[in-house]
Amino acid sequence: GGGGGGRRGKMRGKRLERMKATLNLSDTQVQQIKAIRSGQRAQRKQYRQQIRPLRKQLKALLSAYTINEAQVLAVHNQLKSIKQAMGEQRFKTKLQVMRVLTQEQRAKLMSKQGKRGKRGKHGRRGRWAGNAQGNPQSTVY
């Protein structure tokens, strides 16, 4: 939960700094990437604002004395649709960033991402591996 994206914003800045150093980005490329990312911020915020009440609604429906499967599935499908749209937007943003890079920079970026392999950005055990129950919280709406 929580409100603002202050810490997240700092992390994004550090990620861009690492990207600049790793790929030897020019100042112009950094500015272009910043512009691409900031252009997507409002849409991401809108998606998150749509998701929050739906998650609460789903949680309430699943906590009810009797579960109405039709209602649960309807809310689940709404969430799935929004998350799909978010994924498409994230991919389009990645494409825009890739267009800013040179062929060599794209190749270097892709090889670095390939080395992460199936582990992804959160390591071998996943983002939520350390929680007390051992349940991946990412499946909880």
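Of all residues in the range 39-68, those that are of a type in the set (Ser, Thr, Tyr) and outside any loop (DSSP other than H, G, I, E, B) total 2.
Per-residue answers, yes or no, for (1) at pLDDT below 95; (2) in contact with a Phe, Trp or Tyr (Cβ under 9 Å, 6 or more places away or on another chain); (3) among the charged types (D, E, K, R); (4) open to solvent by less than 40 Å² (accessible area, probe 1.4 Å):
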| site | (1), (2), (3), (4) |
| --- | --- |
| 34 | yes, no, yes, no |
| 38 | yes, no, no, no |
| 44 | yes, no, yes, no |
| 52 | no, no, yes, no |
| 67 | yes, no, no, no |
| 77 | no, no, no, no |
| 80 | no, no, yes, no |
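The values are calculated or read from the model by the stated rules, or taken from the named source; none is laboratory data. None of these values were measured; they are calculated from a predicted model. Heads up, the Cβs are rebuilt from the backbone with ideal geometry, glycines too, and the neighbour counts pull from every protein chain shown. Remember, those area values only see protein heavy atoms, side chains included, never the ligands or the DNA or RNA. Shrake-Rupley method; radii C 1.70, N 1.55, O 1.52, S 1.80 Å.
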